[in-house]
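The values are calculated or read from the model by the stated rules, or taken from the named source; none is laboratory data. What you are looking at is a predicted structure, and each value in this text was computed from that prediction instead of being measured. Positions of Cβ are generated from backbone atoms using ideal geometry, with glycine treated the same way; all protein chains shown enter the neighbour counts.
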Amino acid sequence: MNELDQLDEMTTCRIDDGRKTVEPCSIVIFGASGDLTARKLIPALYHLFAAKQLPPLFRIIGFARREKNDSQWREELKAALHQFSRTKPVDEAVWEAFAPNLFYCQGDFSEVPAYKKLEQLLVSFGNEQLRHNLLFYLATSPSQFGEVVEQLHLAGLLHLEEKPASWQRLVVEKPFGHDLQSARQLNSELTRYAHERQVFRIDHYLGKETVQNILMFRFSNSIFEELWNRKAIDHVQITVSEKLGVGGRGGYYEEAGAIRDMFQNHLLQVMALVAMEPPVSLDAEPIRDEKVKLLKSIRALTVADVANQVVRGQYFAGMIDSQLRPGYRQETKVKSDSNVETYVAMKLFLDNWRWSGVPFFLRTGKSLPLSASEVRIQFKRTPNVLFAARCGPKLDANALTLRLQPNEGISLRFNGKVPGTSLQVRPVRMNFSYNTEFGAYTPEAYERLLLEAMAGDATLFIRRDEVETAWSIVDSIRKGWEGKALTNREFYSAGTWGPVAADDLLAQTSHVWRDPNPVS
Ligand code: BG6
């Protein structure tokens with residue numbers, strides 16, 4: 001090996017060597033007949049099992065109202081796995097070894113005997129850890145959280161005072177409330193019989209590989225972090241676009257809208273990771289402390305600010321991939337005069353030292369031209385001399401794009417000379433693609449999240465104060481919308497990049513949206 005090769009030698013540093021091993025445990029899924037179990041949870045557990053990441057002893061219990069026995073449930077899940085597995089074909093030998101760990105417990109969430117039955121099942125496993133280390137996954141409607149937690153407590157299955165030799169944890173799915181008040185109510189119901197440290201609130205975006213990479217990217221490189229502030233950055237754009245419309249989820253969407261479904265959780269989480277201060281360590285609490293601080297620094301929006309800085313949108317019928325897509329108001333279970341937003345865009349300011357005066361533009365929507373999530377850090381323009389003086393706005397400002405999905409990666413855009421005798425300048429891109437560098441490997445977010453919850457690491461889960469802060473931001477926006485119907489400038493055709501009003505929002509400050517370009 002020559003000297004240069006040695007210098008370039010790549011060493012990998014494993015940070016999670018000392019992490020807690022996953023102890024034998026039972027996972028109890030409440031609401032096991034639902035879509036989430038079949039589509040996400042069981043495929044994720046199957047893949048963890050195939051990768052030998054589950055503990056040596058484990059059991060998975062589906063708790064739901066419908067009558068069925070273990071083998072019927074296993075058959076159903078097997079069929080679902082064939083449909084939803086991220087790897088195909090399903091490995092029959094792995095499934096045969098995995099399936100005997102699946103059990104079904106029929107019962108009503110409000111009935112004491114059902115929990116007795118659950119306890120007997122746990123006891124029948126004949127192992128103390130399987131009986132007492134319990135991960136309760138509440139894939140139910142939030143209105144049932146309180147009941148389930150109370151019943152678990154009464155049945156002696158959930159203990160506030162954790163014994164050193166065992167643990168019980170609650171994993172809860174979104175929607176976590178529909179406003180600040182209901183979120184507080186849910187939080188107090190959950191923490192009546194469990195400590196906050198036993199509660200794991202899911203935001204599946206935090207389980208995505210590239211979302212986790214934001215922290216590593218920022219804090220393991222010196223060149224970017226030096227520039228990560230108001231001195232170098234003009235503005236930040238965060239786009240989470242989806243090609244799909246609301247489809248069969250019209251009923252839910254009428255209650256949620258884009259602001260509750262996507263902004264309250266996924267967009268704010270991405271923003272927090274992009275903009276937060278360095279935590280004092282990589283442990284869960286310091287990281288979550290910084291995220292909360294960041295969310296709290298978002299400048300509060302008055303009703304007048306909402307009118308100026310927030311845009312709603314709703315799609316009408318249009319073409320996507322040469323197919324006519326219905327408008328939102330024609331989707332099932334949607335009111336024909338609904339004003340619910342399927343798109344939201346806004347300009348936010350952070351009142352802190354680092355970001356003072358830097359606008360953050362966030363947007364998300366359904367029935368857009370493509371599904372892509374990315375963060376674009378747009379740097380300031382050069383001084384208006386030399387090339388800028390000659391080219392004016394045609395001289396592109398530098399940009400760094402973190403592509404969260406698809407084609408995960410990072411690209412840096414800067415200007416270069418077009419080869420030749422004439423003097424021409426144009427943007428060029430330096431591109432890092434995960435797939436090219438590491439090979440295609442896209443674990444489902446739920447695989448990571450389930451494993452972390454079993455290991456008791458809360459870093460990737462949302463803390464109580466985090467969820468409440470996020471809701472208070474959403475509440476102030478919704479207050480600004482109260483009683484106001486959508487205007488013409490807020491409708492957009494399916495298959496376009498959102499309403500005109502969203503372009504106007506950026507145009508106020510001479511900015512433009514940069515649409516994701518995942519193939520680049
Ligand atoms: C969910 C929303 O939380 O996230 C859905 O409820 C949305 O409406 C989904 O489609 C998007 O997730 P992903 O992983 O496909 O970007």
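Quick look at the numbers
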quantity	calculated
Check on Gln323, surrounded by 21 or more Cβ atoms within 10 Å (Cβ to Cβ), within 25 Å of Val500 (Cα to Cα), away from the ligand (no atom under 16 Å from the Cβ) and not hydrophobic (A, V, I, L, M, F, W, C)	no
Test result for His235, modelled with pLDDT of 95 or more and either more than 11 Å from the ligand (Cβ to nearest atom) or more than 20 Å from Arg376 (Cα to Cα) (or both)	yes
Region 166-186, residues that are within 25 Å of Leu118 (Cα to Cα), surrounded by 17 or more Cβ atoms within 10 Å (Cβ to Cβ) and more than 16 Å from the ligand (Cβ to nearest atom)	Trp167, Gln168, Arg169, Leu170, Leu186
Residues within region 452-469 that are assigned to a helix (DSSP H, G or I) and either within 29 Å of Leu48 (Cβ to Cβ) or of a type in the set (Lys, Arg) (or both), tallied	7
Residue under evaluation Val240, criteria (1) of a type outside the set (D, E, K, R); (2) within 12 Å of the ligand (Cβ to nearest atom); (3) outside any strand (DSSP E or B), criterion not met	(3)
Members of region 66-99 found to be closer than 30 Å to Glu111 by Cβ and charged (D, E, K, R), listed by number	Arg66, Glu67, Lys68, Asp70, Arg74, Glu75, Glu76, Lys78
Single unsatisfied condition, Lys163 versus (1) surrounded by fewer than 19 Cβ atoms within 10 Å (Cβ to Cβ); (2) in a helix (DSSP H, G or I); (3) modelled with pLDDT under 95; (4) not polar (S, T, N, Q)	(2)
Answer from Thr469, Thr436, Thr487 - the residue that is out of contact with any strand residue (DSSP E or B) (no Cβ under 6 Å at 6 or more places or on another chain) and touching a residue at least 60 places away in the same chain (Cβ under 8 Å)	Thr469
Identity of the residue in region 435-452, within 16 Å of the ligand (Cβ to nearest atom) and modelled with pLDDT under 90, that ends up nearest to Glu173 (Cα to Cα)	Glu444
Residue tally, condition within 16 Å of the ligand (Cβ to nearest atom) and either under 19 Å from Ser220 (Cα atoms) or more than 11 Å from the chain's Cα centre (by Cα) (or both), over region 260-292	4
Given (1) of a type in the set (Gly, Ala, Ser); (2) in a strand (DSSP E or B); (3) more than 24 Å from Thr442 (Cα to Cα), index of the condition Ser373 fails	(3)
Residue check for Arg65: more than 20 Å from Lys52 (Cβ to Cβ) and touching a residue at least 12 places away in the same chain (Cβ under 8 Å)	yes
Which listed residue, of Gly257, Gly245, is within 16 Å of the ligand (Cβ to nearest atom), part of a helix (DSSP H, G or I) and either more than 23 Å from Arg14 (Cβ to Cβ) or under 22 Å from the mean Cα position of the chain (by Cα) (or both)	Gly257
Residue among Gly245, Gly207, Gly257 that alone is small (Gly, Ala, Ser) and farther than 24 Å from Asn407 by Cα	Gly257
Residue count, region 145-160 (criterion: modelled with pLDDT under 95 and in contact with a Phe, Trp or Tyr (Cβ under 7 Å, 6 or more places away or on another chain))	1
Filtered residues of region 326-353 (kept if within 14 Å of Tyr492 (Cα to Cα), outside any loop (DSSP other than H, G, I, E, B) and within 26 Å of the chain's Cα centre (by Cα))	Tyr328, Tyr343, Val344, Ala345
Single unsatisfied condition, Leu295 versus (1) within 16 Å of the ligand (Cβ to nearest atom); (2) under 16 Å from Ile477 (Cβ atoms)	(1)
Hey, Val211 within 13 Å of the ligand (Cβ to nearest atom), in contact with a strand residue (DSSP E or B) (Cβ under 7 Å, 6 or more places away or on another chain) and under 22 Å from Glu290 (Cα atoms) or not	yes
Residue check for Gly251: within 16 Å of the ligand (Cβ to nearest atom), over 21 Å from the mean Cα position of the chain (by Cα), part of a helix (DSSP H, G or I) and over 23 Å from Gln508 (Cα atoms)	yes
Breaking point among (1) over 15 Å from the mean Cα position of the chain (by Cα); (2) within 16 Å of the ligand (Cβ to nearest atom); (3) at pLDDT below 95, for Ser222	(2)
In region 284-317, residue surrounded by the fewest Cβ atoms within 10 Å (Cβ to Cβ) [restricted to those that are under 16 Å from Leu350 (Cα atoms) and among the basic types (Lys, Arg)]	Arg299
Hits in region 350-369 - residues which are more than 16 Å from the ligand (Cβ to nearest atom) and polar (S, T, N, Q)	Asn352, Ser356
